[in-house]
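Some notes on the structure that comes next.
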């Protein structure tokens, strides 16, 4: 039985804000729409930046990608601050439970020593790579154009800080502060890590926000996450008695899967905009994925040994299929 | 590797250091300058970024957890507010003018701060500083969104909210706040921190937020109170960050002191001018007053500011150059500005009005040395004109200050009968200013301020060519709905009618 409570009804005088009515028609807008579209100042900007007078305060000209409407690059997750933080808080609860489970049951002590060393050697230096990714996404948010594109970049940046901190906690759990120091030394000097560190530093010198998006979120992380967290942690380590490690990196696997939907959507809309965009994206993708694969090879070879070549080639093919689906053929 | 069976427990401080500071490294494949190209050009010398004290030591997992809790509560309240016609609980629809100004001028500033902090969160070459700035970046988009979401329900029932995004870039008075944020964002990373992190958050937030949120509470606006309360702990973090940043600059090198002092002078005055809007809100726009602008200034300006200046004196920082003149303006600014808003109300997307006798008595009591003598006679005159059916409208356009963008409506610091106006010729062009301090800011960076977009001249340029109707369409202002005197406005009529319907019975078929 349905009960209709009687309330005072008042006819609204506006359905939504003007800028949203122009985009979506005169009807109530979602909170994602209200919190995203057209919030960035677009006209009559007062001053040129003193840090680079050649660009405007918000400038579509600092990237080679051209969009008629930058707000077309929307986030399929429709994350605004509320849905973003509430989602992550829930995941954080699960991650915390996983850490407690591993700690309280002494699962670290049960890890075969070689496996523990391998996990430390592989995962701890990656916290620096995640920090580089954080800075690159902060850059995309800061200098990109249009809120629907820049907003998720900030959330992504904070996620990567979270990942860097989870990796640090894994290092502390499996090996104490000495493990973090050893990881930093490897990141700075070990030949295994130098190609990747060079990749990260070179990407941080890129000041085209969309090229950086391709270099970081598509090329590097599009290979790194499946290789490290799926192929190595979830498959290889788990099969050798290291499921506890997989529990500690569950956030990274889930996050990669979820955030790839956003990355693909951005790529797809930018590629669909024009042949010129597709050409530029393909060039970037080609150059950066090739480098990313070469940089990751010695890293994953620590765990995969001679099979690394083949597995990296497989992941490269998988990434190519993924980007082809988004309309970019490298 | 030597692995201990039971890792020792780390203290909070040490854990944070590992989880944050330890993430960074000294680049070797690229130069520091290539990765952080804007860290040096302002002349600020930093010798050791590790000396930066992290004010909060917040890790991301804790951030998500705390913020999500606040978010759940906030949206539960504003959903209930919308569902139960919470807008009918406000004291009087006049109150909404304050919210309209807030949405058009301040919320876009929150968004700009979000972008600015994302930039400095990337550009500062120290991890601790970067993380703190990034957290503020994500907080600031939160504030923009919670404000828009809270006020969205008012937009459904009242005029003046609907075109806030157009007003932000085009209408004249929003350019006071917009130019403030554009000025900060076009500055280097260190000056940005003084402008937003220090001046806006530390010096001005108390004066903006406390009266605003208390005003909302006094006037029955649960939606705004809730976003205010919900933002409070974020603001506390931001204020600490701003203060930490200024101390860090001052401690790193004595050569930084004169640079910081110059920014301190500039941004205090820029901020003080933005507060002109707040002063009118407090003294005129809240149907139920919290405290006068003067009282707020005494508590949050004089007391808190004074304590801060005493704290900074040991670094060789003196109170900002405009401090004394600000003190002299306190008893005048809200009246002068509200008189301005009233006479130009045809061009504002909010209402103004002539204060009632009772309200003028309150103003006289709060401003014993100025109101009776200088301002009541003007309001009395305006009331007479309005009663005679010839309300005063100033269709002449306001002359705007080239720096702060406020109309030049203020008086000389030492003579309330003399309009304060400064002029300067620069490269064969004449520029106008509201005060000595705005003039000085211009002189320091003339090449920057000559670029300022001035909304009044825009009206006379193509494509508007002086057509006020076309201008209204361009800024999204609906004549007769959004603008003008509150008395007789649709907002007034609707609010009264809806409240009557909500609180009383009416017979079937009775006119509503």
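Can you give the FRET efficiency to the nearest 0.05 for residue A:309 and residue A:198, using r as the Cβ-Cβ distance and R₀ = 35 Å?
0.95
For a test of the definition: using alpha carbon positions, the gyration tensor, and the 1.5 limit on a/c, classify segment A:86-169 as rounded, prolate or oblate.
oblate
At residue B:309 and residue A:301, where each label point lies 7 Å from the Cα along Cα→Cβ, what is the point-to-point distance in nanometres?
Each label point is offset 7 Å from its Cα along the Cβ direction, giving 6.6 nm.
Can you give the percent of C-alpha pairs in chain B whose distance is more than 37 Å?
Summing the P(r) of chain B above 37 Å gives 33 percent of all pairs.
Report the gain in length on full extension from residue A:235 to residue A:261: 0.36 nm times residue separation, minus Cα-Cα distance, nm rounded to one decimal.
Details: separation 26, 0.36 × 26 = 9.36 nm, distance 2.28 nm.
Full extension of this stretch gives 7.1 nm more.
Which value in Å does the Kirkwood hydrodynamic radius of the protein assembly as shown take, with 1/r averaged over all unlike C-alpha pairs and then inverted?
Details: mean 1/r = 0.0348 Å⁻¹.
Averaging 1/r across every pair of different Cα atoms and inverting gives 28.7 Å.
Which value in nm describes the separation of the simple spin-label points at residue B:295 and residue B:417, placed 7 Å from the Cα toward the beta carbon?
That separation, rounded to one decimal, is 3.2 nm.
Given a Förster distance of 60 Å, report the FRET efficiency between residue B:32 and residue B:496 from their Cβ-Cβ distance, rounded to the nearest 0.05.
Step by step, r from the Cβ atoms, then E = 0.40.
Compute the distance from the alpha-carbon center of segment A:265-330 to that of segment A:48-89, in whole Å.
Each part reduced to its Cα centre gives a spacing of 23 Å.
Show me B:42-54, A:296-308 ranked by packing, highest mean number of other Cβ atoms within 10 Å first.
Going by the mean number of other Cβ atoms within 10 Å, highest first, we get A:296-308, B:42-54.
Starting with the highest mean, order A:101-114, A:234-247 by the number of other Cβ atoms within 10 Å, averaged over the residues of each peptide.
Those peptides, ordered most packed to least, come out A:234-247, A:101-114.
Can you give the mean number of other chain Cβ atoms that lie within 10 Å of the Cβ atoms in peptide A:14-25?
Partner-chain Cβ atoms within 10 Å, mean over residues of A:14-25: 4.
Can you show me the helix-derived [θ] at 222 nm for chain B, built from DSSP H runs with n ≥ 4 at -39,500 (n - 2.57) apiece and divided by the number of residues, rounded to the nearest 500.
Here the helix-only value at 222 nm equals -17000 deg cm²/dmol.
What is the distance in Å between the Cα centroid of segment A:185-232 and that of segment B:314-362?
Cα centres, segment A:185-232 to segment B:314-362: 54 Å.
Can you pull a Stokes-Einstein diffusion coefficient for segment A:115-325 at 25 °C (0.890 mPa s), Rh from Kirkwood over Cα pairs, as a whole number of µm²/s?
142
Along Cα→Cβ, 7 Å out, is where each label goes; now give me the distance between the ones at residue B:470 and residue B:91 in nm to one decimal.
So the two model labels end up 4.3 nm from each other.
Mind checking A:111-121 for the average number of partner chain beta-carbons within 10 Å of each residue's beta-carbon?
Details: counts 1, 0, 2, 0, 0, 2, 2, 0, 0, 2, 1.
Per residue, the number of nearby Cβ atoms from other chains is 1 on average.
When ranked by the protection proxy of mean other Cβ atoms within 10 Å per residue, highest first, what sequence do the peptides A:221-229, A:128-136, A:254-262 form?
Working: A:221-229: 23.4, A:128-136: 25.8, A:254-262: 16.9.
Descending packing order for the listed peptides: A:128-136, A:221-229, A:254-262.
Return the average number of partner chain Cβ atoms within 10 angstrom of each residue Cβ along peptide A:173-184.
Details: counts 1, 3, 5, 8, 8, 5, 4, 4, 2, 1, 1, 4.
Per residue, the average neighbour count from other chains is 4.
Give, as ranges by residue number, the residues of segment B:418-445 whose backbone N falls under 16 Å from the point 7 Å along Cα→Cβ of residue B:399.
Those under the cut-off are B:418-426, B:429-439.
Only the coordinates and a few stated rules stand behind these numbers; no lab work does. Only a predicted model underlies this, so the values are computations on that prediction, with no experimental measurement involved. FYI the Cβ positions are ideal-geometry reconstructions off the backbone, even for glycines, and counts take in every protein chain you see.
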